[in-house]
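Read through the structure below, which is laid out as C-alpha cells, and then see the notes.
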Amino acid sequence: MKRIDDWPTLEEAARKAAAGAYCPYSGFRVGAALLTDDGRIMTGCNIENASYGATICAERVALAAALAAGVRNFMALVIAAGERTPAPPCGICRQMLAEFAAPEFPIRSVTLTPGDAPAAEYTLGELLPHAFELRE
Ligand code: THU
C-alpha cells in the first residue's frame with residue numbers, strides 16, 4: 001500500500017492493533033495505524049498503567065515504534081476506537097504528530113466494528129492549529 005487513497009487497508013490495520021490494547025482501567029481499546037512515506041504500516045495500541053498518568057495512547061505508541069525504526073516521514077494516520085462515535089486523537093498526540101507531520105496531514109477515525117459509524121476525517125492542522133514550535 002503506497003497510496004493514501006487505500007484507506008481500508010489502514011483502517012483494518014488500526015482495528016487489528018486495537019485488539020492488542022492493554023486497558024484494564026478504562027476498558028477503552030484504541031488502535032492506531034500510521035502509513036509511512038515508503039509504504040509501510042506501523043501500528044500501536046493504548047497501554048495503560050496503575051499510575052494512570054503513565055498511560056500511553058495508541059497514536060504515540062505507533063509513532064514511537066516508527067521513529068525507533070528510523071522512519072521520519074508519514075502519509076496518513078487511522079485511529080480505531082469506540083463503538084458508536086469515532087474518537088479524535090488527544091491533545092498530546094496531536095502535538096507529537098505535529099513534530100513530524102504537516103498541517104495537511106490526513107487523519108481518519110473509525111469505530112472498532114466496520115459499518116457502525118461513518119469515519120471522521122480531519123487534517124492535523126484542523127485539530128491542532130498553532131502547534132507549539134520551539135523557536136528562539
Ligand atoms: N487514548 C488513546 O489511546 N488515544 C487517544 O487519542 C485518546 C485516549 C486511550 C488512553 C486510555 O488508555 C484510554 O484511551 C482512555 O482515555
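Laboratory data are not the source of any read-out in this text; all were calculated from the coordinates shown. Here the structure is a predicted model, which is why all the values come from computation and not from measurement. Note: ideal-geometry Cβ built from the backbone for every residue, glycine included; neighbour counts use all protein chains shown.
Taking Cα atoms of segment 31-136, Rg/Rh with Kirkwood Rh, to two decimals?
On the way: Rg = 13.7 Å, Rh = 14.2 Å.
Value, to two decimals: 0.97.
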Residue among Pro106, Pro86, Gly20 farthest towards the positive dipole end of the chain, charges placed on Cβ:
Gly20
Under 5 Å between amide hydrogens, which residues at least 5 positions from Ala117 or on another chain qualify, with H placed 1.01 Å from N in the peptide plane?
Thr111
Expressed as a whole-number percentage, the relative contact order of segment 27-82 with C-alpha contacts under 8 angstrom and at least six residues apart is 45
Charge tally in the Cβ shell below 15 Å around Phe132, where Lys, Arg are +1 and Asp, Glu are -1, Phe132 excluded
-1
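Over the chain, what is the relative contact order in whole percent, taking alpha-carbon pairs under 8 Å and six or more residues apart? Present the calculation step by step, with values, prior to reporting the outcome.
Numbers: 295 pairs, mean separation 27.3, N = 136.
Relative contact order of the chain: 20 percent.
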Extend 7 Å from the Cα of Ala87 along its Cα-to-C-beta direction; within segment 26-53, residues with backbone N under 16 Å of that point are 26-33, 44-50, 52-53
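If you place +1 on the Cβ of every Lys and Arg and -1 on the Cβ of every Asp and Glu, how big does the dipole about the Cα centre of the chain come out, in debye to the nearest 20?
Rounded to the nearest 20 debye, it is 280 debye.
Around Val71, what is the net charge, scoring Lys/Arg as +1 and Asp/Glu as -1 over all other residues with Cβ under 9 Å from its Cβ?
On the way: positive: Arg40, Arg72; negative: Asp37, Asp38.
Value of the local net charge: 0.
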Using alpha-carbon positions, what is the distance between the centroids of segment 46-64 and segment 66-108, in Å?
14
